[in-house]
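Here, each number is a calculation from the coordinates, and none is a lab measurement. This one's a predicted model, so the numbers in the text were calculated from it and none came from an experiment. Note that we place each Cβ from the backbone using ideal geometry, even for glycine, and neighbour counts take in every protein chain shown.
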Ligand code: B1M
């Protein structure tokens with residue numbers, strides 16, 4: 001099993017989408033759980049890519065191909081993590097905040113939420129406050145989830161919270177935030193209802209809002 005997991009890491013780090021998909025397929029066929037493939041293989045590989053970027057060994061193009069390889073693997077894991085065709089336990093509007101194009105973590109959160117039985121409206125990346133507010137209005141969401149990966153874009157989270165207040169929606173929806181630079185203290189500071197450090201805890205937090 002260790003070898004298969006190592007090959008997945010290598011596939012992502014080399015930005016080889018085809019190989020990554022092949023290695024993930026091998027792992028699934030070998031009976032390794034989707035969660036293990038993600039947590040032991042793909043996520044550590046992205047963390048390593050980030051470290052290499054910080055050290056100046058990787059540049060944006062390397063990060064981009066690594067992200068594409070990761071996404072290829074995630075597409076295979078999706079059906080294993082998501083429960084289809086069941087009555088939703090609640091509705092979540094999800095997006096990466098304005099100015100921010102990182103979506104791997106947000107996509108994982110979407111998968112886990114769907115796996116937990118939520119109907120998810122995924123607004124994608126670079127989502128401004130108005131778009132979040134409109135989506136909450138039109139979907140009647142119980143929870144809004146905002147993701148940010150940059151210290152320069154996390155400041156757009158409180159902007160959305162203010163816009164929800166202005167629209168008279170703040171009391172109707174729970175606000176959940178996450179992403180690498182986000183902490184519990186920051187969530188409290190900006191008046192969010194909760195923070196989750198990873199995708200599975202995000203799903204657990206959202207469930208606590210609807211149960
Ligand atoms: Co960017 N990038 N990037 N990048 N990138 C980081 C975030 C960075 C830390 C790298 C570094 O310097 N070490 C750094 C940010 C520094 C800072 O702000 N302090 C950085 C930078 C600087 C940049 C650019 C500015 C680089 C440039 O152009 N010079 C640029 C900005 C573009 C923009 O957004 N406007 C940029 C671009 C990119 C790419 C496009 C090349 C690519 C993104 C591709 C994509 O997402 N489709 C990319 C990548 C891949 C990364 C790193 C390497 C990996 C991010 C990732 O996908 N991690 C990242 C370094 C790192 O994080 N180690 C980095 C894997 C993912 C599973 O984890 O997203 O943290 P994460 O999600 C976690 C949790 O955070 C949590 O759950 C997930 C795990 O279960 N979570 C939530 C996430 N959202 C949540 C929401 C929730 C709850 C939990 O509730 C709603």
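With an 8 Å cut-off on Cα pairs and a minimum separation of 6 or more residues, tell me the relative contact order of the chain in percent. Show your work: numbers first, answer last.
Details: 362 pairs, mean separation 35.4, N = 211.
Result for the chain is 17 percent.
Roughly how many Å is it from the Cα centre of the stretch 111-135 to that of the stretch 5-35, as a whole number?
28 Å
Highest first, please rank the peptides 141-147, 180-186 by the mean number of other Cβ atoms sitting within 10 Å of their residues.
141-147, 180-186
Mean-square fluctuation check for the chain, GNM, Cα pairs under 10 Å: which of 82, 93, 12 is largest?
Comparing 82, 93, 12 in the GNM, the peak value goes to 82.
Using only Cα atoms, tell me the angle between helix 199-210 and the longest principal axis of the chain; keep it within 0 to 90° and round to the nearest 10.
Around 30 degrees separate the two axes.
As a test, work out the antiparallel percent of DSSP beta bridges whose residues both lie in the chain, rounded to the nearest 5. Each step should come with its number before you reach the end.
On the way: 0 of 18 bridges.
Counting only bridges with both partners in the chain, antiparallel ones make up about 0 percent.
Roughly what angle does helix 43-54 make with the longest principal axis of the chain, taking Cα atoms, 0 to 90 degrees, to the nearest 10?
Around 90 degrees separate the two axes.
How big is the shadow of the Cα convex hull of the stretch 6-75, averaged over all directions, in nm²?
3.9 nm²
When only Cα pairs under 8 Å and 6 or more residues apart are kept, what is the percent relative contact order across the stretch 1-121?
Relative CO of the stretch 1-121 lands at 27 percent.
How high is the relative contact order of the stretch 108-182, in percent, counting Cα pairs under 8 Å that sit 6 or more residues apart?
34 percent
How much space per residue, in cubic angstrom, does the convex hull of the C-alpha atoms of the chain take up?
118 Å³
Hey, what angle do you get for helix 156-166 against the long axis of the chain, alpha-carbon based, 0 to 90 degrees rounded to 10?
30 degrees
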